[in-house]
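The values are calculated or read from the model by the stated rules, or taken from the named source; none is laboratory data. What you see is a predicted model, and the numbers here were worked out from it, not measured in a lab. When we count neighbours, we look across all protein chains shown, and the Cβ atoms used for this are built from the backbone with ideal geometry, even at glycine. These accessible areas exclude ligands, DNA and RNA; they are computed on the full protein's heavy atoms, side chains included. Shrake-Rupley method; radii C 1.70, N 1.55, O 1.52, S 1.80 Å.
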Amino acid sequence: MAQVADVLAGADVIILGEVHDNKRHHQVQADLVTALQPRALIWEMITQVQADGLTPRILQNAEETARALDWQASGWPDFALYAPVFKAAAQALHFGALVPRAQSKAALQVGVASHFGAQAQQFGLDQPLPKAEQAGREAEQMSNHCNAVPEEILPMLVDVQRLRDASLAAAAKRALDQTGGPVVVITGNGHARLDRGLAVYLERALPGVVIRALGQMEEGAIQGHFDVVLSAPAMERPDPCLGFVKSE
């Protein structure tokens, strides 16, 4: 862990990826937060309004933190997985980057760039992806959804991912502006990857910003580019494709 911290140290923004329900991944994040002592944490899982309600006293107590965030209703994995990370960052400022589902749906109606407002151009959200990358992302979304979703919604799924990347980048920029860094981002591996995720949007808004990223894989499987990658045993979980019902 000391070697990993050495690789990540010195960056303005340190992205710590995860598989959301992997307990080991969250313990690694907590250990790195303790080692790196960032001034701020950005969370994919909470809104800025929720982050504003967190205090060092609340963050010392897992039950209080979970209640303050209404975690039980959030749809994220059990709070016990994330509790060590919140506690390790009790003295840091916290920023939320979550785009609530209702806002995501509204963004798709008007276009994610319009929804993002004046900052869309700053983060490059107003620019379409290159055709090859768009096609690759759509194919990936189809695979992620067990080849069970209509092709016409694939561009919307890609747009939602881009919106979330830009939201994470905007939160990281706010945190840097307020604290000077270093800033740690807690997010899934898809947003953490340097070749496609939030780093692309943040580098556009802040040329010269130093970003380093950790990817955390299960059993050696991960997509994307990272500065360092760790592996942990895969969690036992039901087949995700059982949740998709295909019509005859």
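A few points about this structure:
- Taking the criterion of being part of a strand (DSSP E or B) and closer than 20 Å to residue 88 by Cβ, the residues of segment 181-214 that qualify are 183, 184, 185, 186, 212, 213, 214.
- If you go through segment 45-79 and keep only what is assigned to a loop (DSSP other than H, G, I, E, B), acidic (Asp, Glu) and under 21 Å from residue 99 (Cβ atoms), you end up with just 70.
- Looking only at segment 210-232, and only at residues there that are open to solvent by 50 Å² or more (accessible area, probe 1.4 Å) and among the hydrophobic types (A, V, I, L, M, F, W, C), the one that is farthest from residue 186 (Cα to Cα): 221
- Single unsatisfied condition, residue 38 versus (1) crowded, with 19+ Cβ neighbours inside 10 Å; (2) in contact with a Ser or Thr (Cβ under 7 Å, 6 or more places away or on another chain); (3) closer than 23 Å to residue 164 by Cα: (2)
- Boolean, residue 187 is surrounded by fewer than 19 Cβ atoms within 10 Å (Cβ to Cβ), touching a strand residue (DSSP E or B) at 6+ places or on another chain (Cβ under 7 Å) and at negative phi: no
- Filter result for residue 238 (outside any helix (DSSP H, G or I) and either out of contact with any Leu (no Cβ under 6 Å at 6 or more places or on another chain) or surrounded by fewer than 21 Cβ atoms within 10 Å (Cβ to Cβ) (or both)): yes
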